[in-house]
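This report refers to the structure that appears directly beneath it.
The values are calculated or read from the model by the stated rules, or taken from the named source; none is laboratory data. Since this is a predicted model, take the numbers as computed values, not measurements. Glycine also receives a Cβ, built like all others from the backbone with ideal geometry; neighbour counts cover every protein chain displayed.
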Amino acid sequence: MKTSIKLSRMAISPIHAPLLPITLLFLLSPIITHSNDLHSELIHLRSKSLLGLIHLKDNLLQRILSIPSPKPFSSLIFFDARQLHAKSENSIPSVKYEFSLLSSSYLTNNPGNNTHIFFFIIEFEESKSSFEFFDVKSIPHVRLVPVRVDDVKKDCVRMGASGFSMGAVSMKEFVETNANVYVGPIHTRPVIPKKMMMVIGAGFLIWSPYLVKRFVIGNTILQDKYVWMSGSILVYFFSVAGTMFTIIRKAPLFLMDRNDPAGKSIMFYQGAGMQLGAEGFAVGFLYTIVGLLLAFMTHVSVRLKNKGTQNLLMALGLFVSFWAVQKVIYLNNWKTGYGIHPYWPSRWK
Amino acid sequence: MLCQLQFLTKNGIYDFWNWFDDRTWYPLGRVIGGTVYPGLTLTAGTLWWILNSLNIPLSVETVCVFTAPTFSALAAWATYLLTKEVKGTGAGLTAAALLAMVPSYISRSVAGSYDNEAVAIFALIFTFYLYIKTLNTGSLFYATLNALAYFYMVCSWGGYTFIINLIPMHALLCIVTGRYSPRLYIAYAPLVILGTLLAALVPVVGFNAVMTSEHFASFLVFLILNVVGLVYYIKGMLTPKMFKVAVTLVVSAGLIVCCAVVAVLVALVASSPTKGWSGRSLSLLDPTYASKYIPIIASVSEHQPPTWPSYFMDINVLAFLVPAGIIACFLPLTDASSFVILYLVTSVYFSGVMVRLMLVLAPAACIMSGIALSSAFGVFTRSIKFASIGKQDDAGDIGNGVTQNHVVKPDRNEEPPKEKASRKKKKEKENVEKAPTAAKKSERRLLMLPMEASVVAILLLVLLGAFYVVHCVWAAAEAYSAPSIVLTSQSHDGLHVFDDFREAYAWLSHNTDVDDKVASWWDYGYQTTAMANRTVIVDNNTWNNTHIATVGTAMSSPEKAAWEIFNSLDVKYVLVVFGGLVGYPSDDINKFLWMVRIGGGVFPHIKEPDYLRDGQYRIDNMATPTMLNCLMYKLSYYRFVETDGKGFDRVRRTEIGKKHFKLTHFEEVFTTHHWMVRIYKLKPPKNRLRGKTKKSKSKPTSTISKRSATQKKNPWQ
């Protein structure tokens, strides 16, 4: 979330969206839109959306801005660009999701008194001039149009990195401090909607006698010990590979070497406090393969009748195991900088 | 902790139970009986009492030092017993030998490491052993012992929740996979009933034993087990046809009751704010929980997720052997072996979330590796031993006779002893009856590997074991033997010793009043209490988040606000740890963001972004004004520029942002030889004005040693 994508890289060209038209629009439009009309229109627009978000376009924004200060409501605008959703380094969809959590929580917490702030989403492709007007060069970008606006550019507060740092919770803090509006606790939406849960629950209830029967008879996949065996080996593999570290710290699979013009990727990171995803999987594989080969030798290859095959398998297994152990020791010493050494009696030196 | 033991030995158990310690967590104080796990203190106290009644006059400190090593020996013994129950004596001995050396456990059991985990790991393994023993024998005697062992574990460590979730999981697994037996009922029911009652006796747990959802799994499984037990009982009484009818009737009615119970449970749990789970347990299930919401948990380095070298450091070559152990436990799968598999899988998952739980994984890894090594050695040595015999007499009787023994061997523990005995008798009968069927006999082949390959394999395994020993000795020597209070560093011109901590604590104890309160970050709380014998505001037992947050807020505030906070807490001295001069990375400036986060969690005016420039934590001239004016920065870098003229911080590898400044509300009273500990005194209110206008007190001297020499004088004399 910390990195932000430069929009200039993508689209806005100076010819496309000059500042002039929107300024002219302000000057020429019949200045005072009746604020009450706009207010009820916004409530109507909001009621159409489940999450309480309003799709904002240039002309609507301009009407909002044209209401004289103090305005009857604040506006929180999320600047979105659909074309950048696919960029993985910038989690715009997740920020957008958190933003929608904020708006839906506001509506849930303040059922009778919810017109102090409106939540908007504005799309880059449709409303380039608004992006230009607010000088939005990179996203994620969230801006608050407070109640008192004398100078649009100065008084509209931009949400800083702190606002994004902890998702909807920090956004809520931003709104509560800058717009002076009570949002209340954030309600996260369950992964599966309520109705779906009920359907699943009912389905499970109907299914359960059959399941119980199958368990009693004993031919489910859960009663196959080889399934459990592979499951445990997999859990072991993922744990020793440090997958949890990769998930919690959001470590990438590999890095691109910036110093290398050929763009070679870095798979192994030197330093014990950090690891890359691919590196973890590689070592996790080495950790696991040795044990698997040993088990293969002691439990499977003993049952073979052919001496030659046994010899071949043993030689292969031992060689690979030796190589794997030696590789992990080497990698560990390289990564941590420790040299593991035996302690000899001092008179041997 | 040491104070607790001293109190216990001096005043006895009842006074200890009701002890209100007013020296820690000033000004709150602490109800010791209700906030500590008393297991360790009571154990050490009992040891001391026994030794003294045998006329062995050991001091309390000596007993503390040797408690952990004693219990590590007991843990190895318990590991032997547990593994023996699972896979026989050979595996048990190997596992015990591995556990005796495993670095992860050495870190908690070296002499002088006086920590809950030292006794808790023994209690954990022993509880598991008794559970398996009960499961194998069906004896109520062992079941009762099991509940007592569980009680001891609850007394010792918060990690007991692992047991009370793992055993129900295993019981459920047994039921699901159709392995229900009366022995399972005997092993499980007394543990839940007696264990929960006993656990509720420990004040720190109390009604949590029945109120928090960490314990709910055990009750739910208890319910299911009773239902299943009833079903099996009825099945034994009715004819198969009647039983079928009964099942259809009962299943439909029972399901409705079950659903109602589950719904009530879910509603109860959902109504509590954290859904009934404590933060530490939540962080295990949802690994990202703690790092998002609970800075006091996320700030501790032990609670970080480990990278792969951590596994190599802590369990070393066992990481290679464990998969083989898992497979060996599946062939054949018994109640006992399924339990150790479950233990391994859950502990390896949890260790992946929190590096501290590597300690729980270590015994499981030792058991698995012990089983793997012992079965591998079994196969390889058998291949060498009988290779010559096999050659001489290919289809010979001797070979076959031996073969049968060896092939049957792995099955020995498949069944519990009672059934095993009856089976054996049956087998013998069958053997007698079918003795002449020689054709069948010759079909059974000696399961062997080629001799040469076996020799190489044994050599490699011995090599692997030797490497394990070398690594463990190395790890014990390098990582766990050095006292953490005296630091050393090896450079090209020899060994440097940094004894700054003891210097600072000695200064505190000699130059300050007994009743003076010292504030520092909580990491140094225990040390200050024990070594300087002064009252601290917060210590390493982090039970009160708000109090820690207050100290964090003070450190993050500007001087005046900080002075007010500290003054309100009656603090006289503030101690900061600073590594910028010698390059000691775990100093307070590096921990500072956690102080901000923990402080900000309670006091919203402290905001992390105010201390970050574009999301980066920096202390150079690009640092934010809030950062440069906060107390921690000022106390750490006060007069730092006088050391080299530039103020170059060797940890952050940069020149500091604000070099020349004066303190208005604090005065420096002592800085240790390497500037690692700096102690400041709060200026009394009436002197503050004088302190502001006063010109620089004394001309700064050029070298560190000279300065510290002048500083060592007590400024109030």
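Brief remarks on what is shown
- Conditions (1) facing chain B (nearest Cβ under 7 Å); (2) within 22 Å of B:Gly352 (Cα to Cα); (3) in contact (Cβ under 8 Å) with a residue 24 or more places away in the chain: number failed by A:Leu294: (2)
- Any hit, region B:329-351, residues being facing chain A (nearest Cβ under 7 Å), in a helix (DSSP H, G or I) and of a type in the set (S, T, N, Q): yes
- A:Asn333 vs. criteria polar (S, T, N, Q), facing chain B (nearest Cβ under 7 Å) and surrounded by fewer than 19 Cβ atoms within 10 Å (Cβ to Cβ): no
- Put simply, of A:Pro261, A:Pro342 the only residue that is of a type outside the set (Lys, Arg), assigned to a loop (DSSP other than H, G, I, E, B) and modelled with pLDDT of 85 or more is A:Pro342.
- Summed over region B:211-232, the residues that are without any contact (Cβ under 8 Å) to a residue 12 or more places away in the chain and among the charged types (D, E, K, R) give a count of 0.
- Long-range neighbours under 8 Å by Cβ, at least six apart or interchain, first residue surrounded by 17 or more Cβ atoms within 10 Å (Cβ to Cβ) within region A:57-75, second among the basic types (Lys, Arg): A:Ile64/A:Lys71; A:Lys71/A:Arg148
- Options B:Leu191, B:Leu173: the member that is more than 26 Å from A:Tyr226 (Cα to Cα) and part of a helix (DSSP H, G or I): B:Leu191
- Hits in region B:490-515 (condition: surrounded by 12 or more Cβ atoms within 10 Å (Cβ to Cβ) and farther than 19 Å from B:Gly525 by Cβ): B:His496, B:Phe498, B:Asp499, B:Asn511
- All helices (runs of 4 or more DSSP H) inside region B:49-153 with 1 or more residues being aromatic (Phe, Trp, Tyr) and closer than 28 Å to B:Tyr526 by Cβ: B:60-87, B:103-109, B:116-137
- Of residues in region B:59-79 being in contact (Cβ under 8 Å) with a residue 40 or more places away in the chain and more than 21 Å from B:Gln6 (Cβ to Cβ), the one surrounded by the fewest Cβ atoms within 10 Å (Cβ to Cβ): B:Leu74
- The set of residues in region A:302-328 that are within 22 Å of B:Ala319 (Cβ to Cβ) and either aliphatic (A, V, I, L, M) or more than 8 Å from chain B (Cβ to nearest Cβ) (or both) comprises A:Leu316, A:Gly317, A:Leu318, A:Phe319, A:Val320, A:Trp323, A:Ala324, A:Val325, A:Gln326, A:Lys327, A:Val328.
- Any chance B:Val205 is within 21 Å of the chain's Cα centre (by Cα), over 23 Å from B:Leu361 (Cβ atoms) and away from chain A (no Cβ under 14 Å): yes
- Helices (runs of 4 or more DSSP H) contained entirely in region A:98-190, each with at least 2 residues that are within 14 Å of chain B (Cβ to nearest Cβ) and over 20 Å from B:Pro609 (Cα atoms): none
- Test: residue in region A:260-282 that is in contact with a Gly (Cβ under 7 Å, 6 or more places away or on another chain) and more than 7 Å from chain B (Cβ to nearest Cβ): no
- Taken as a whole, region B:556-574 holds at least one residue that is crowded, with 18+ Cβ neighbours inside 10 Å and of a type in the set (S, T, N, Q).
- Single residue of region A:270-292 satisfying the filter (surrounded by fewer than 19 Cβ atoms within 10 Å (Cβ to Cβ) and of a type outside the set (A, V, I, L, M, F, W, C)) that is nearest to A:Ser230 (Cα to Cα): A:Gly273
- All positions within region A:205-242 that are within 22 Å of B:Pro323 (Cβ to Cβ), at the interface with chain B (Cβ under 7 Å from one of its Cβ atoms) and not in a loop (DSSP other than H, G, I, E, B): A:Leu222, A:Lys225, A:Met229, A:Ser232, A:Ile233, A:Val235, A:Tyr236, A:Ser239, A:Val240
- Every listed requirement among (1) surrounded by fewer than 19 Cβ atoms within 10 Å (Cβ to Cβ); (2) modelled with pLDDT under 90; (3) among the aliphatic types (A, V, I, L, M) is met by B:Leu5 save one, (1).
- Region B:29-58, residues that are modelled with pLDDT of 90 or more, more than 21 Å from the chain's Cα centre (by Cα) and closer than 14 Å to B:Trp17 by Cα: B:Gly45
- Of the residues making up region B:219-244, those that are farther than 15 Å from A:Val212 by Cβ and either more than 14 Å from every other protein chain (Cβ to nearest Cβ) or acidic (Asp, Glu) (or both) number 15.
- Single residue of region B:516-528 satisfying the filter (of a type in the set (S, T, N, Q) and buried (at least 22 other Cβ atoms within 10 Å of the Cβ)) that is nearest to the other protein chains (Cβ to nearest Cβ): B:Ser520
- Some residue of region A:28-49 being outside any helix (DSSP H, G or I), surrounded by 17 or more Cβ atoms within 10 Å (Cβ to Cβ), touching a Leu at 6+ places or on another chain (Cβ under 8 Å) and at pLDDT 60 or above: no
- When the residues of region A:239-252 are filtered to those that are on the phi < 0 side of the Ramachandran plot, of a type outside the set (Val, Ile, Thr) and surrounded by 19 or more Cβ atoms within 10 Å (Cβ to Cβ), the one that is nearest to the chain's Cα centre (by Cα) is A:Ala251.
- Region B:208-236 - residue that is polar (S, T, N, Q) and either within 26 Å of the chain's Cα centre (by Cα) or part of a loop (DSSP other than H, G, I, E, B) (or both) and, of those, farthest from B:Ala260 (Cα to Cα): B:Asn208
- Residues of region A:293-313 satisfying the condition of being buried (at least 19 other Cβ atoms within 10 Å of the Cβ) and within 46 Å of the chain's Cα centre (by Cα): A:Leu293, A:Leu294, A:Ala295, A:Met297, A:Thr298, A:His299, A:Leu313
- Subset of region B:467-492 (residues that are more than 9 Å from chain A (Cβ to nearest Cβ) and under 22 Å from A:Thr298 (Cβ atoms)): B:Tyr468
- Residue within region B:366-379 that is among the β-branched types (Val, Ile, Thr) and at the interface with chain A (Cβ under 10 Å from one of its Cβ atoms) present: yes
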